[in-house]
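Step one of this worksheet: look at the structure below.
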Amino acid sequence: MSGLIFLGIVAVALFYGISLYNHLVGVKHAVAKAWANIDVLLKQRHDELPKLVEACKQYMQHERGVLEKVTQARAAVHSAREAGDVAAVGAAETHLRAGLMDLFAVAENYPELRANENFQHLQNRISQLEAQIADRREFYNDSVNANNVRIETFPDNVIATLFRFEPKSLLKFTESETRDVNVKALFST
């Protein structure tokens, strides 16, 4: 009788361990899926940026620095994305967004450019992609948080350590991207 009870306890413990492992695998894959969704959007934006720069080059002959800033930032995002370095993607994204903001601000000085249908289409497309990327970043960070909490809490941490589940990095923003905008400075010229 005691052997049967022992066998029952072992079976329950084994089933519980398998259940914990399966949940950890699910959270790990949710993080990977969330990153893949961001990656798709980054690739789409990556493909649109050269078209935008080309459209602007025709009108903005004296604004090479702004165009080069966007091009360099685009390359940095691509390199970080290819390396799978989440922290570097966050930093490069900050530079790219700043470059795009500068580009769109400078474009305001060129009425012919703003009236260009191709430029308008690209500007709208990139703005839509930016909104989708921001949404996906939030989902990614939620998935990373769920993963990290699961692998740090007991008894999941036992299984996580045994099977080498690793914590993931949040996609963080730099201080310049999260600080309040000085609206007064924007309107004082």
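Some observations on this one:
This table checks each residue for (1) closer than 30 Å to LEU24 by Cβ; (2) of a type in the set (Asp, Glu); (3) assigned to a loop (DSSP other than H, G, I, E, B); (4) at pLDDT below 95.
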residue	(1), (2), (3), (4)
HIS121	no, no, no, yes
SER127	no, no, no, yes
ASP135	yes, yes, no, yes
VAL144	yes, no, no, no
VAL149	yes, no, no, no
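- LEU170 falls short on exactly one of the conditions (1) part of a helix (DSSP H, G or I); (2) surrounded by fewer than 18 Cβ atoms within 10 Å (Cβ to Cβ), and that condition is (1).
- In a residue-by-residue description of the range 17-28, the property of being at pLDDT 95 or above, of a type in the set (Phe, Trp, Tyr), more than 30 Å from TYR110 (Cα to Cα) and more than 21 Å from the chain's Cα centre (by Cα) applies to at least one position.
- Counting the residues of the range 78-114 that are among the charged types (D, E, K, R), surrounded by fewer than 17 Cβ atoms within 10 Å (Cβ to Cβ) and in contact (Cβ under 8 Å) with a residue 40 or more places away in the chain gives 1.
- Residue within the range 32-43 that is closer than 26 Å to ILE159 by Cα and not small (Gly, Ala, Ser) present: yes
- Of everything in the range 39-72 that is of a type in the set (Asp, Glu) and within 22 Å of the chain's Cα centre (by Cα), the residue that is surrounded by the most Cβ atoms within 10 Å (Cβ to Cβ) is GLU48.
- Residue, surrounded by the fewest Cβ atoms within 10 Å (Cβ to Cβ), within the range 21-38, restricted to residues that are touching a residue at least 40 places away in the same chain (Cβ under 8 Å) and among the hydrophobic types (A, V, I, L, M, F, W, C): ALA30
- Test set (1) in contact (Cβ under 8 Å) with a residue 12 or more places away in the chain; (2) within 18 Å of the chain's Cα centre (by Cα) - ALA75 fails condition number: (1)
- Residue within the range 44-56 that is at pLDDT below 90 and β-branched (Val, Ile, Thr) present: yes
- Residue check, VAL86 touching a Phe, Trp or Tyr at 6+ places or on another chain (Cβ under 8 Å) and under 22 Å from LEU171 (Cα atoms): yes
- Test: GLN61 is farther than 21 Å from VAL144 by Cβ and part of a helix (DSSP H, G or I): no
- Residue match in the range 4-20 (condition: aliphatic (A, V, I, L, M), surrounded by 15 or more Cβ atoms within 10 Å (Cβ to Cβ), within 29 Å of GLU152 (Cβ to Cβ) and touching a Lys or Arg at 6+ places or on another chain (Cβ under 7 Å)): no
The values are calculated or read from the model by the stated rules, or taken from the named source; none is laboratory data. If you're wondering where the values come from, they're calculated on a predicted model, not measured in any experiment. We place every Cβ from the backbone using ideal geometry, glycine too, and count neighbours over all the protein chains shown.
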